[in-house]
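The values are calculated or read from the model by the stated rules, or taken from the named source; none is laboratory data. Computed from a predicted model, the values in this text were never measured in an experiment. Note: ideal-geometry Cβ built from the backbone for every residue, glycine included; neighbour counts use all protein chains shown. All accessible areas refer to the heavy atoms of the entire protein, side chains included, with ligands and DNA or RNA removed. Shrake-Rupley method; radii C 1.70, N 1.55, O 1.52, S 1.80 Å.
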Amino acid sequence: MNLVPVALEKNIRLAVADKIFTGFHAVEENIRSFVSKSNEISLELFYSKPGPRVKKIISSAKATGIPCNEVSETELNHLVSSLNDSAKDHRGIVLRVSGISIKENIVSLDLWLKTVAEKSTVVILDSVTDPHNVGAIIRSCDQLGADLVILPERRGVKDAASNEVVARTSAGASSWVPIAQVANLNRALELLKDAGFWIYGADAEGKNTTQIKFPNRTALLLGSEGNGISRLLLQNCDDVVSIPTCGRLDSLNVSVAAGILLYEVRRQRLS
């Protein structure tokens, strides 16, 4: 592999093909996610002034054979210098992963549908461009049993599956929840319908959740807080659902709405 390195203090080198992860949850989950592929990729942990949480992560990393290096705060800042402002808050620990080609949880929608379970929940995001919202939604998907998240290649977060803010906000769940990025959301909806899914668009004008019995194969479509679901996608839904609220504002944050709807789908299945 031909990598172009950038020299740091004490000969720590950061290659352009490397991925950097920060945040306790994201570091822990990416260690768990990547360690099984250690023959294909290289993992290395850097830390400074370790507190109790960092010491726990270091112990776990050493147990799996990951090199752990105590460095200065300045060197950690160098490692995260290319990240956005939120991800630069490394909390004293940084995971570097080299040789990543593709995560196992990045899937093709067409292939995923060939082996889909009889009871499955899919979340589709239209024009949700805030990586914090996308990360929070993926975290809810992990906790509430969603089987797939579908994101658009455009009108969304670019490379959401490897985005540092998404990984951090999802508390590492973006390493586990299957994600499909598609060129055309309308085609994705048609493929889901052909596979027996019912598509429910989330909109304030839709039916109250108490009026809907979600089927075994349910797909929840959520749009951006500003513009909502695009007109063509909304027309392609089988039904439109709303969450009963009593506040003075006209809508919920999209990640909160996703969590509530996912909980309702799971509640109905468990009961």
Determine ³J(HN,Hα), in whole Hz, for all residues of the stretch 168-182 in sequence, where each value follows from phi through the Karplus function 6.51 cos²θ - 1.76 cosθ + 1.60 and θ = phi - 60°; x replaces Gly and Pro. 6, 5, 7, 6, x, 5, 5, 7, 10, 6, x, 10, 10, 9, 10
Hey, which aspartates and glutamates would be in cross-link range of Lys49, C-alpha to C-alpha under 20 Å, not counting anything within fewer than 8 residues on its own chain? Glu9, Glu28, Glu70, Glu73, Glu75, Asp89
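Over the chain, what per residue volume does the convex hull of the Cα atoms give, in whole Å³?
Values: hull volume 41.8 nm³, N = 271.
So the per-residue Cα hull volume is 154 Å³.
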With label points set 7 Å from each Cα along the Cα-to-Cβ direction at Trp198 and Lys213, the distance between them in nm comes to 0.8
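Tell me the carbon and sulfur percent of the accessible area for the chain, rounded to whole percent, probe radius 1.4 Å.
Details: 6570 of 13670 Å².
Carbon and sulfur: 48 percent of the exposed surface of the chain.
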In whole angstrom, note down how far apart the Cα centers of the stretch 166-224 and the stretch 55-114 are. 28
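At 1.4 Å probe size, with every protein chain present, just tell me what the per residue accessible area of the chain comes to in Å². Each step should come with its number before you reach the end.
On the way: 13670 Å² over 271 residues.
Heavy-atom SASA per residue in the chain reads 50 Å².
Roughly what % of DSSP beta bridges within the chain run antiparallel, to the nearest 5?
Values: 14 of 41 bridges.
Roughly 35 percent of the DSSP beta bridges within the chain come out antiparallel.
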Can you work out the Karplus-derived ³J(HN,Hα) for every residue in the stretch 148-158? Use 6.51 cos²θ - 1.76 cosθ + 1.60 with θ = phi - 60°, whole Hz, and x for glycine or proline. 7, 10, 10, 10, x, 5, 10, 6, x, 7, 5
Holding the Cα-Cα limit at 24 Å, pick out from Lys119/Lys158; Lys114/Lys158; Lys19/Lys56 the pairs that are longer than that. Lys119/Lys158; Lys114/Lys158
Of Ala26, Val182, Ile57, whose Cα points farthest to the positive end of the dipole of the chain (charges on the beta-carbon: +1 Lys, Arg; -1 Asp, Glu; origin at the Cα centre)? Ile57
Residue-wise HN-Hα coupling along the stretch 106-113, computed from phi with Karplus coefficients 6.51, -1.76, 1.60 (Hz; x: Gly, Pro): 8, 10, 8, 4, 4, 6, 4, 5
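Using unit Cβ charges (K, R positive; D, E negative) and no other charged atoms, how large, in debye to the nearest 20, is the dipole of the chain about its Cα centre? Please list the in-between numbers first.
Details: 31 positive and 30 negative charges, 118 e Å.
Dipole about the Cα centre, nearest 20: 560 debye.
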Check cross-link reach from Lys193 to the aspartates and glutamates: straight Cα distance under 18 Å, and skip same-chain residues fewer than eight apart. Asp110, Glu118, Asp126, Asp147, Asp238, Asp239
Nonlocal amide H pairs with Val241, under 5 Å, H built at 1.01 Å: Gly201, Ala202, Asp203, Lys207
